[in-house]
Amino acid sequence: MGANTGQEGELYQSFGLDVVWIEPIPEIFGKLQRHVSQFRAQAAFCYLVTDEDYSDCTLHVANNEGASSSILDFRAHSEMWPDVRYTHSVSVKSITLGTLISRESIDLGRFDALILDTQGSELRILRGAADLLSNFRFIKAEVPDFESYGGCCQISELSAFMLSKNFREYSRIPFMHSSGVGTYFDVIYKRQRL
């Protein structure tokens, strides 16, 4: 989720992985769809996934090809990336992961991992999909240890939630740090055997 243009499509294809890409920004989705259509086992869908079905949301679109777009307002994100700003907003309806899977007839048995890069709404998505999480072996999220977006989840909160769902941190890799602001991490959670 938060597919953007599917930059990792070639990598996933090289491993022969089945992939479902989810991107909410219509103009970015068009690029995503064109890009991943060349890969046999990859499909793209245009949805905004949250913890609520059919809620009216405002999605703020960022000037970095949509990469920092969010339903949340910038907070310290602007200190870490001062050149990134919102250029416009689009109104969209939200959907939960469960409703999306049902609507698009997606077989979760084909997938080991759920990857989230949704600019602060990761925990909302996971809460809305709590009954589906046990279908995945790994869940990866991009998450900060500071308030990058207003009301965004932070790593301590996300890790506590994942632990309550029987997932433990498997790896935590910092990829951006700003002194006096904080750090962004790519975190992978692995489901524990019962």
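Being crowded, with 16+ Cβ neighbours inside 10 Å and over 21 Å from GLY66 (Cα atoms) is the filter here; which residues of region 21-41 pass it?
Filtering region 21-41 down to residues crowded, with 16+ Cβ neighbours inside 10 Å leaves 21-25, 28-29, 31-33, 35-36, 39.
Hit for region 21-41 is PHE39, nothing else.
Among the listed residues SER134, SER179, SER171, identify the single one that is among the polar types (S, T, N, Q), surrounded by fewer than 19 Cβ atoms within 10 Å (Cβ to Cβ), within 14 Å of ILE115 (Cβ to Cβ) and out of contact with any Pro (no Cβ under 7 Å at 6 or more places or on another chain).
Values: SER134 fails: within 14 Å of ILE115 (Cβ to Cβ); SER179 fails: within 14 Å of ILE115 (Cβ to Cβ).
The match here is SER171.
Yes or no: region 25-34 includes at least one residue that is within 22 Å of TYR184 (Cβ to Cβ) and modelled with pLDDT of 95 or more.
Pass one, region 25-34, residues within 22 Å of TYR184 (Cβ to Cβ): 25, 28.
Next, from what is left, pick out any that are modelled with pLDDT of 95 or more: 25, 28.
Within region 25-34, one or more residues are within 22 Å of TYR184 (Cβ to Cβ) and modelled with pLDDT of 95 or more.
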Residues in region 11-20: is at least one out of contact with any strand residue (DSSP E or B) (no Cβ under 7 Å at 6 or more places or on another chain), of a type outside the set (Phe, Trp, Tyr), under 20 Å from GLU142 (Cβ atoms) and exposed (fewer than 15 other Cβ atoms within 10 Å of the Cβ)? yes
Candidate set: region 77-134, residues that are touching a residue at least 24 places away in the same chain (Cβ under 8 Å), farther than 20 Å from ILE25 by Cα and not in a helix (DSSP H, G or I); chosen: the one farthest from the chain's Cα centre (by Cα): ILE106
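Only one of ILE71, ILE101, ILE125, ILE115 is surrounded by 14 or more Cβ atoms within 10 Å (Cβ to Cβ) and touching a Lys or Arg at 6+ places or on another chain (Cβ under 6 Å); which? Can you show your working first?
Working: ILE71 fails: touching a Lys or Arg at 6+ places or on another chain (Cβ under 6 Å); ILE101 fails: touching a Lys or Arg at 6+ places or on another chain (Cβ under 6 Å); ILE125 fails: touching a Lys or Arg at 6+ places or on another chain (Cβ under 6 Å).
Answer to the check: ILE115.
The values are calculated or read from the model by the stated rules, or taken from the named source; none is laboratory data. Note that the structure is predicted; figures quoted are calculated from it, not measured. Positions of Cβ are backbone-derived with ideal geometry, glycine not excepted, and every protein chain shown enters the neighbour counts.
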